[in-house]
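Data block below; observations after.
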Amino acid sequence: MPYSPIGQPIHALDTPALLVDLDKMKNNIQLMAARCRDSGLHWRPHAKGHKTPAIAHAELRAGAIGITCAKLGEAEVFADAGISDLLIANQIVGQQKIARLVNLCRRADVMVAVDDPVHIRAIGDAATGVGVNVRVLIEVDVGMQRCGVPPGAPTLALARQAHAAPGVIFAGIMGYEGHAMALDDPQKEAACREAVQILSETRQLLQREGLPVEIVSAGGTGTLAFTPNFPGITEIQAGGGIFMDTYYRDKLHVRGLEQALTVLTTVISRTAPNRAVADAGRKTTSNYGTLPEVKDRTDVVVTGLSAEHAALRLTNSDLKIGDKIQFISGYSDMTVFLHDQLYGTRNGCVEVVWDILARGKKQ
Ligand SMILES: Cc1ncc(COP(=O)(O)O)c(C=O)c1O
């Protein structure tokens, strides 16, 4: 029989290893689902953070209507895992990807963001070629100045084109208020209100012009406290909060969710009373925005990450070589994609091992 860690205590795992506390994640999923439901909104959680179909299915069981993806390759993985309603909240460009997109539409109900006539023409031509219809959302720039057509007349022009294009179904609009995520609370609330107002007024304009706007999609974990409060949107994309992390807590001021994702790491060196080194560096965990935090210990602090090492500062600590500790990730989104597998744990033991199937699906 091959070795299986299932049923073993967490500390029996070799390191570094990526762990998720299943009870905490479930709680976070339920809280995020309830936040959307209680605001009368659909939840379409972004799956770019977990990249794991089993977790997407847990989100659907909690009431999510579908999944948001960043990449076409991610959407292909989720479709093959039986998830049909997929939003690729990104522009798909290039003949090869468009061919994959329209073929994906044969086996899943996919929506994709567009913000230029070029996208609509390319999708329409390819879709009619294979006999499918592709749903599109016009991405509107709500202030982030990343992708997105300006609101108002430019969005209307693009929506008309999408509505008229063979092979294309105009499904609505989306806008990501990424510029609001890291603001302090009074400014964040105002930025969210403004972003939703932009989407809401654009929706009304399109509807006055006779265009059906079924979907208005926005939101992220960093704005989940505010964006759902304002009228005009129909669904929320917030996803990463199911793991929580020190970045969401310290930089995006997210409250009320539990830190579920950790990296198990081993102390490999202790050359001074106040210093030690663990085997989880930047190739294992993230220092994007914030450093990882050591779980359940006040005597150990992470002071820096190099590629394969974490520098630890110790205070009156009995930590010794071979001891295992857990890091709460700096930013879960920049941590999970570094791993092949995610160990689901409960009450200190390993319950399930998931392959992170959409890992590496960058195209
Ligand atoms: C288009 C889009 N929607 C939503 C999100 C929010 O993601 P999360 O809730 O995982 O932070 C992001 C994050 O980058 C995004 O780019």
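The values are calculated or read from the model by the stated rules, or taken from the named source; none is laboratory data. Since the model is a prediction, treat every value here as computed from it, not as a measurement. We place every Cβ from the backbone using ideal geometry, glycine too, and count neighbours over all the protein chains shown.
Numerical summary
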item: The lone exception for THR52 - which of (1) of a type outside the set (Phe, Trp, Tyr); (2) without any contact (Cβ under 8 Å) to a residue 60 or more places away in the chain; (3) within 16 Å of the ligand (Cβ to nearest atom); (4) surrounded by 20 or more Cβ atoms within 10 Å (Cβ to Cβ) it fails; result: (2)
item: Residues satisfying the stated conditions in the range 297-332, i.e. in contact with a Lys or Arg (Cβ under 6 Å, 6 or more places away or on another chain) and of a type in the set (A, V, I, L, M, F, W, C); result: VAL301, LEU305, ALA307, ILE321, ILE328
item: Residues (more than 10 Å from the ligand (Cβ to nearest atom), touching a Ser or Thr at 6+ places or on another chain (Cβ under 9 Å) and over 21 Å from ASP296 (Cβ atoms)) located in the range 238-265; result: LYS251
item: Test: residue in the range 306-329 that is in contact with a Pro (Cβ under 7 Å, 6 or more places away or on another chain), in contact (Cβ under 8 Å) with a residue 40 or more places away in the chain and not aliphatic (A, V, I, L, M); result: yes
item: Number of the exception - SER217 against (1) assigned to a helix (DSSP H, G or I); (2) touching a strand residue (DSSP E or B) at 6+ places or on another chain (Cβ under 6 Å); result: (1)
item: The range 125-174 - residue that is in contact with a Cys (Cβ under 8 Å, 6 or more places away or on another chain) and of a type outside the set (A, V, I, L, M) and, of those, farthest from ARG193 (Cα to Cα); result: ASN133
item: Boolean, VAL263 is assigned to a strand (DSSP E or B) and within 16 Å of ASP21 (Cβ to Cβ); result: yes
item: Qualifying residue in the range 121-128 (condition: part of a loop (DSSP other than H, G, I, E, B) and over 30 Å from THR52 (Cα atoms)); result: no
item: Selection count where residues are more than 16 Å from the ligand (Cβ to nearest atom), of a type in the set (Ser, Thr, Tyr) and under 26 Å from the mean Cα position of the chain (by Cα), scope the range 304-337; result: 1
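For (1) assigned to a helix (DSSP H, G or I); (2) in contact with a strand residue (DSSP E or B) (Cβ under 8 Å, 6 or more places away or on another chain); (3) outside the structural domain of ILE236 (by TED's automatic domain parsing), each residue gets a yes or a no:
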| site | (1), (2), (3) |
| --- | --- |
| GLY40 | no, no, no |
| LYS51 | no, no, no |
| LEU60 | yes, yes, no |
| PHE78 | yes, yes, no |
| ASN90 | no, yes, no |
| LYS97 | yes, no, no |
